[in-house]
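Visitor: Shown below is the structure under consideration.
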Amino acid sequence: MIEQLKELYPEHIVYHPSHVSSPETYAWFYTQRYEVIGLPHEQLSPRERALLGTFLQRVPLPDLYYEDREKQWAAYLNGDANLPTDKNKPYRFYHFFLSHTPDDQETFTATLRNADPFQRGNIIWLTEREGVIITEGSEPNQHADPSLFSFLQALQGDFMLDIHMYRAKQHLNLAVAKVHFQREQTRFQHFKTLFPSRLLFTPSEEMLIDLFVNREWQSPISNENDEELLKTVFVYLQSQLNLSKAAKRLHIHRNTLQYRLDKFQERNGPLLNDFSTIVPVYIAIWLTGEYAPFMHIDEDQP
C-alpha cells in the first residue's frame, strides 16, 4: 500500500510532521505498521481522501505529538499491536470529552500531560474532542477527586470549553487493559447521557451505573453462594449498619458477626464500606427472594 502511494504521490508524501512547516495543512494516516504518513490536503480530492480513509486510519492532529509510551498505548488501543507490559504495574484510565475542539490542541495536550492529577500521564486522542489519559504506577494522593475537580474547573476557564471526565478505578493487569478500556468507554457514554451537566464521574459510581444500565441487579453477589453470609449481610444492612442490632437479631456474638462481614468482603471485595456499593448489595440480596424486603429491624420484634 505504501509503495503504491509513493508512486501516486512521489513528491508529496511525508513521514513526520516535523518535516513540514504547517502540519495542519496535511491529511495524516497510520500505516499497517502504525507509522505516520502525510499528504497535502490540496493534492487530495474528497474522493481520494475518502478512499485513503477506507484503507488507512486517520490520525487526529494531536496524535502527531505523541511521546514514545503514548505511541505504544495508541497502537495497542487502536489496533492489534502488543503493549510492553509489567503485569504487576497499576494503571488507570481517565476518559474525557470536550464540548468543542481546543483552539490550541498542542498546548491543551501538554497541559493535561503535565498536570499534577495525572503524574505525567499518557494522552491518547480518540477524536479531536475526546480521548483518554493513562497513568501508570502508584498513586500517592489518596484524595484525588477534589483536586482533580478543581483542576478541571480551571481548565474549562483557561480554554473556554466544557469538559466531561470519568476517572475510572485503578487496574493491575496490563494484559487485559483493552478489555477494561472498552468497558469503561461504554460506561462513560452512559454517564454522559444520564448526567449531561456533570463535570467528573468517579469509581464509586461504577457499580450503580452498571446496575442501572445493564439491569444486572445481582452482579455484586454473583460469585457468593454461602447463604449464611448473605443472610448475615442482609440483616446487617437492614439494621442500619449497627453491629449490636444485627447481632441481636441473628442471635450471635458481635465478634462472630464481624468475622462473617470480614469474610464476605474478603471474598467479594470491599462492598460494605461505601454507600454507592452498599445499595447494590442490598438490592442484589433482596432479589434472591430469600429475605423480606426493606423490613425495619424492629418490625418483627414483640
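Visitor: So for each of 130-136, 173-179 I average, over its residues, the number of other beta carbons within 10 Å; can you give me the resulting order with the highest mean first?
Guide: On the way: 130-136: 19.6, 173-179: 14.0.
Per-residue Cβ counts within 10 Å, averaged per peptide and sorted highest first, yield 130-136, 173-179.
Visitor: Take the Cα coordinates of the chain, assign each an equal point scatterer, and use the Debye formula without solvent to give log10 I(q)/I(0) at q = 0.13, 0.14, 0.15 Å⁻¹.
Guide: Each listed q corresponds, in turn, to -1.00, -1.09, -1.19.
Visitor: Compute the helix-to-body angle for 68-78: its Cα long axis versus the longest principal axis of the chain, expressed 0 to 90° and rounded to tens.
Guide: On a 0 to 90 degree scale, this one is about 70.
Visitor: Treat every Asp and Glu Cβ in the chain as -1 and every Lys and Arg Cβ as +1, leave all other atoms uncharged, and give the resulting dipole magnitude about the Cα centre to the nearest 20 debye.
Guide: 740
Visitor: Extension gain ASP262-SER276, at 0.36 nm per residue separation less the Cα-Cα distance, in nm?
Guide: Full extension of this stretch gives 3.2 nm more.
Visitor: Moving to a separate point now. Quick one: what Rg and Dmax do you get for segment 133-187 from the alpha carbons, in Å?
Guide: Rg then Dmax for segment 133-187, in Å: 13.5, 38.
Visitor: With n ≥ 4 as the cut-off for DSSP H runs, can you work out [θ] at 222 nm for the chain, using -39500 (n - 2.57) per run divided by the number of residues, rounded to the nearest 500?
Guide: -13000 deg cm²/dmol
Visitor: Going Cα to Cα from LYS6, which aspartates and glutamates come in below 15 Å? Please leave out same-chain ones fewer than 8 positions away.
Guide: GLU35, GLU48
Visitor: Normalising by the residue count of segment 219-286, find the relative contact order in percent from Cα pairs under 8 Å and 6+ residues apart.
Guide: Result for segment 219-286 is 41 percent.
Visitor: Please get the size of the charge dipole for segment 2-59, origin at its Cα centre, with Cβ charges of +1 on Lys and Arg and -1 on Asp and Glu, quoted in debye to the nearest 20.
Guide: Computed charge dipole of segment 2-59: roughly 200 debye.
Visitor: Roughly how big is segment 219-286's charge dipole about its Cα centre, with Cβ charges of +1 (Lys, Arg) and -1 (Asp, Glu), in debye to the nearest 20?
Guide: Result for segment 219-286 is approximately 340 debye, rounded to the nearest 20.
Visitor: Then there is this: How many percent of Cα pairs in segment 133-279 exceed 26 Å?
Guide: Values: 4446 of 10731 pairs.
For segment 133-279, the fraction of Cα-Cα distances above 26 Å is 41 percent.
Visitor: Right, next: Over segment 68-214, calculate the relative contact order: mean separation of alpha carbon pairs under 8 Å at least 6 apart, over the residue count, as a percent.
Guide: The normalised contact order for segment 68-214 reaches 30 percent.
Visitor: Evaluate the relative contact order of the chain (contact order divided by residue number), counting alpha-carbon pairs under 8 angstrom at least 6 apart; express in whole percent.
Guide: Dividing the mean separation by the residue count of the chain yields 13 percent.
Visitor: When averaged across all projection directions, what area in nm² does the alpha-carbon convex hull of segment 2-59 cover? Please report the intermediate quantities before stating the final value.
Guide: Working: hull surface 15.0 nm².
Answer in nm², one decimal: 3.7.
Visitor: Once the cut-off is 20 Å, how many percent of the Cα-Cα pairs in segment 219-286 end up in the long-distance tail?
Guide: Pairs farther apart than 20 Å: 17 percent.
Visitor: For the chain, with the dipole built from +1 on Lys and Arg beta-carbon atoms and -1 on Asp and Glu ones, taken about the Cα centre, which of GLN32, GLN238, ALA110 lies farthest toward the positive end?
Guide: GLN238
Visitor: List the pairs from LYS71/LYS192; LYS89/LYS169; LYS178/LYS263; LYS169/LYS231; LYS169/LYS245 whose alpha-carbon separation is above 23 Å, in the order I gave them. Don't skip to the answer; put the middle values down first.
Guide: Values: LYS71/LYS192 28 Å; LYS89/LYS169 14 Å; LYS178/LYS263 31 Å; LYS169/LYS231 29 Å; LYS169/LYS245 34 Å.
Violating the 23 Å Cα-Cα cut-off are LYS71/LYS192; LYS178/LYS263; LYS169/LYS231; LYS169/LYS245.
Visitor: With the Cα gyration tensor of segment 68-214 in hand, convert its eigenvalues to equivalent ellipsoid semi-axes via √(5λ) and list them largest first in whole Å. Mind showing how you got there, number by number?
Guide: Working: eigenvalues 93, 73, 49 Å².
The answer is 22, 19, 16 Å, longest axis first.
Each value in this text was obtained by applying a stated rule to the coordinates, not by laboratory testing. Only a predicted model underlies this, so the values are computations on that prediction, with no experimental measurement involved. We place every Cβ from the backbone using ideal geometry, glycine too, and count neighbours over all the protein chains shown.
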